[in-house]
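The values are calculated or read from the model by the stated rules, or taken from the named source; none is laboratory data. Everything quoted here is computed from the prediction, not taken from an experiment. Don't worry about glycine lacking a Cβ; one is built from the backbone with ideal geometry, like all the others, and counts go over all protein chains shown.
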Amino acid sequence: MAKLGRNAWYDLTRATNWTPKYVSEDELFPEEMSGARGIPAATWETYDEPYKTSYPEYVEIQREKDAGTYSIKAALERSAFVDKADPGWVSTMQAHYGAIPLGEYLASIGEARMARFSKAPGNRNMATFGMMDENRHAQLQLFFPHANIQRSVKWDWAHKGLRTNEWAAVAARSLFDDIVTSRDAISTAIMLTFAFETGFTNMQFLGLAADAAETGDHTFASLISSIQTDESRHSQQGGPALEILIANGKKAEAQQLIDVAIWRSWKLFAVLTGPLMDYYTPVEARKLSFKEFMQEWIVAQFERQLLDMGLAKPWYWDILMRDLEITHHGMQMGIWYWRPTVWWNPAAGVTPDERDWLEEKYPGWNKRWGRVWDVITDNLLNDREALTLPETLPTICNMCNLPITHIPGDDWDIKDWQYEYEGRLYHFGSEPDLWCFKIDPERYKGHLSIVDRFIGGLIQPATLEGALQYMGLGPEEMGRDAHLYAWVEKFRRAKAAAA
Amino acid sequence: MSELPAQKSLKTWSYLSGTRRRPSEYEVVSTGLHYHTIDPDNPWELDRNIPMAEWYRVHRNQSPLKHHDWDAFRDPDAMIYRTYNILQDGQENYVHGLFDQFSDRGHDEMLEPEWVQCLATCYTPVRYLFHALQMGSAYIHQMAPASTITNCATYATADHLRWLTHTAYRTRELANTFPTHGFGEQERAIWEADERWQGFRELIERALVAWDWAESFTVFMLVAKPAIEETVLFHFGDLARANGDTLLGMLTQAQMRDAERHRRWTSALVGMALQTDGNRKVLNGWLEKWVPLGEAGIVKFFAPFGVEGEAAATKAKLASRKFRADLGLG
């Protein structure tokens, strides 16, 4: 419509740095908020965002996107998909909504940090759109689950989840606060947008959207794939910041920020997305396994971006590649076993057919995790449900705030990586978790994991019930087996047939 | 465990369950979203002594402007993301329609040479000022103690980028028509050296380092924005119309719609703050400190316009004072 194309005037929208006179540049851009790392403002002015948009384009495109997303929701509302969906899929949605909307909302603080404190004018403008995007993602992912609020109190967790001390909420906040809300503008550009959004949100928003479409949940599929179109734009803020850091002798520092952010993001996705994709989603609707999604999005695409940038793969790459086969299976088992401590109903996902699928995707699954599930299945077949429920709390990693897990069975290799610092003994689930702590202990040293709080007497009464209350879980909110053990009946029938 | 517990049915978030009426879409998607205010002294799930925790303790929690429940704040426009884009896409269609129509009529070619020179010194450098408002709103966003306040600041940040974008567009059009006037090239030098801008420049540089969240809100929303809007939007818009620049007059009028919306939520937030004893004194104390800088900005901007400028400056000052006085301040 406009007579002048965007290229004609775009540069003027980002010619907005000036030399302050009445306050100093250091006052205007305090290093702890800005993170310019001694690189002059004139150099930051060369920041060139690869994905350009302007205000009129933004409001037009976003209005259209919302019109599409909200109208699909309205059109499909009467079909009441959620009432007919497999309980495992309902749990997928409830787990997603409990962890994501308020995290998205807080991401707007990271964006606002860049919009105010980045010395790169292009970054400040793109982050303004990023603030808007994250505002959108929070609002969409609150409005959609709210429509289900009368169905179950578990939908309340879309709003309540991150406001509680439930352990998965603590773990999610621990990641978001580390890489999104508490860093300077340039670190945020790298950790939030380049590492987390470029690398990982594809997993949650495209991988899960593919599964949703296969499941028949077109509302959820259209919602989260629409969100990803925003992510793929604003995630490109980190690249040009990295280029400036690398060109100005800050490559090692940039690499370290990326390495921390990728490892920390991986752990949260291993507990959240891994089980959803490989255990909760009905097996016939699984597009790819979690490992395959990770290999496609993280290994193939993100690794190439890193190398193109002149950066190296993180030092722990071999550990990560190995753990793609391992970590989330242990997390799944932990979540299911400690199911009263989560707000959704964990699906076991281990019927004979599902176990075949797991063995095919993860050769050796049966002799590792399968053997433990054999014991659980046997207990349920013999009415010993109590043995499948927790009485104690697990050991929690002081970095990711998730249980320490790895391979059970003959290949047992579970290790508590301990480290003493200033007289306190810390526990870590892996070498990279310990490394994140060691390179910056001041960021983490005073933080208490849920178990630290329990042992320290901060959770009263000091019982499992007390812990559940502390986590905000009322009797109706605690998780139970998603299928009410219907899956166990398949084993009973198979056993009867064999006899 | 295998038996289903009886389900209690909720009508809305448990967070909003105390409200008597059914919550609006605005309340469902906007309220209670800042988890870092639940334990404000330890805002982040990290060591409590990291610098960013200290920043929020000092500049948010220890603000002298107090309220027992900032989360009770509601935007009188009940603006949400979805409606913001519907509103502003319409507004942008209007403004770009103006740009195109006036361009078709050869509007810029008909401007008097003196006015063109005036635009180069008095208008196009305003992009620095608009961008500073964008930065200031982004700071209020990240420091506000309630998500309903943060959201207002989110949309204000975008609005200020909108004004900056309009200015950039017009600057390029003017540069195309008048290639020797320095449009698109001289603005930074003028912004940094021309005496007419130095009042606003001082105001805005100092405002950007007012770190207390409520002082930042006060200086931007109660002093800087009214002063700037009354000057460069309202009265300069009048001046533009008087000089045959109808387009600029209509553009600034369209931008004022955003400013009026900002004043509505600002007024609501001040009204809420004044319910707490002691806050009037705090706000008036800040106004005492900042209003002289705001008024100096107005006076310096209009000074080169002689008698006409003096009258405009007086009106702009009075309008800014009236806005505050109507809120029971100053």
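Here are the numbers for this structure:
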item	result
Identity of the residue in segment A:79-111, farther than 15 Å from A:PHE144 by Cβ and of a type in the set (D, E, K, R), that ends up surrounded by the most Cβ atoms within 10 Å (Cβ to Cβ)	A:GLU111
Check on A:LYS119, more than 8 Å from every other protein chain (Cβ to nearest Cβ), of a type in the set (Lys, Arg), part of a helix (DSSP H, G or I) and more than 16 Å from the chain's Cα centre (by Cα)	no
Test: residue in segment A:154-161 that is within 28 Å of A:CYS397 (Cβ to Cβ) and not in a helix (DSSP H, G or I)	no
Condition met for B:VAL223 (more than 14 Å from chain A (Cβ to nearest Cβ), hydrophobic (A, V, I, L, M, F, W, C) and at negative phi)	yes
Sole residue being assigned by TED's automatic domain parsing to the domain that holds B:THR167, under 16 Å from B:LEU174 (Cβ atoms) and touching a residue at least 60 places away in the same chain (Cβ under 8 Å), chosen from B:SER147, B:SER103	B:SER103
Count - residues of segment B:235-248 that are surrounded by fewer than 19 Cβ atoms within 10 Å (Cβ to Cβ) and part of a helix (DSSP H, G or I)	4
Subset of segment B:93-136 [among the β-branched types (Val, Ile, Thr) and not in a helix (DSSP H, G or I)]	B:THR124
Test: residue in segment A:67-84 that is outside any helix (DSSP H, G or I), of a type outside the set (S, T, N, Q) and without any contact (Cβ under 8 Å) to a residue 12 or more places away in the chain	yes
Filtered residues of segment A:1-23 (kept if facing chain B (nearest Cβ under 7 Å), touching a residue at least 12 places away in the same chain (Cβ under 8 Å) and not in a loop (DSSP other than H, G, I, E, B))	A:THR13
Those residues of segment A:389-406 which are surrounded by fewer than 18 Cβ atoms within 10 Å (Cβ to Cβ) and β-branched (Val, Ile, Thr), in sequence order	A:THR392, A:THR395
Segment A:129-153 - residue that is of a type in the set (S, T, N, Q) and in a helix (DSSP H, G or I) and, of those, farthest from the other protein chains (Cβ to nearest Cβ)	A:GLN141
Residue match in segment A:305-320 (condition: surrounded by 24 or more Cβ atoms within 10 Å (Cβ to Cβ) and either in contact with a Gly (Cβ under 9 Å, 6 or more places away or on another chain) or of a type outside the set (D, E, K, R) (or both))	no
Residue check for A:GLN418: loosely packed, with under 13 Cβ neighbours inside 10 Å, without any contact (Cβ under 8 Å) to a residue 40 or more places away in the chain, more than 27 Å from the chain's Cα centre (by Cα) and more than 12 Å from chain B (Cβ to nearest Cβ)	no
Complete set of residues in segment B:109-141 that are closer than 16 Å to B:VAL219 by Cα and polar (S, T, N, Q)	B:GLN134, B:SER137
Extreme residue, nearest to B:ALA254 (Cα to Cα), among residues of segment B:74-88 that are at the interface with another protein chain (Cβ under 10 Å from one of its Cβ atoms) and either buried (at least 19 other Cβ atoms within 10 Å of the Cβ) or among the polar types (S, T, N, Q) (or both)	B:GLN88
Filter result (in a helix (DSSP H, G or I), in contact with a His (Cβ under 7 Å, 6 or more places away or on another chain) and either more than 8 Å from chain A (Cβ to nearest Cβ) or under 17 Å from B:TRP211 (Cα atoms) (or both)) within segment B:137-156	B:SER137, B:MET143, B:THR150, B:ALA153, B:ALA156
Some residue of segment A:280-298 being more than 30 Å from A:ARG480 (Cβ to Cβ), in contact with a helix residue (DSSP H, G or I) (Cβ under 7 Å, 6 or more places away or on another chain), among the aliphatic types (A, V, I, L, M) and surrounded by fewer than 24 Cβ atoms within 10 Å (Cβ to Cβ)	yes
So B:GLY285, is it under 20 Å from B:ALA207 (Cα atoms) and surrounded by 14 or more Cβ atoms within 10 Å (Cβ to Cβ)	no
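Conditions tested, residue by residue: (1) touching a residue at least 60 places away in the same chain (Cβ under 8 Å); (2) of a type in the set (Phe, Trp, Tyr); (3) not in a helix (DSSP H, G or I).
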position: A:PRO240; (1), (2), (3): yes, no, no
position: A:TRP266; (1), (2), (3): yes, yes, no
position: A:LEU288; (1), (2), (3): yes, no, yes
position: A:GLN295; (1), (2), (3): no, no, no
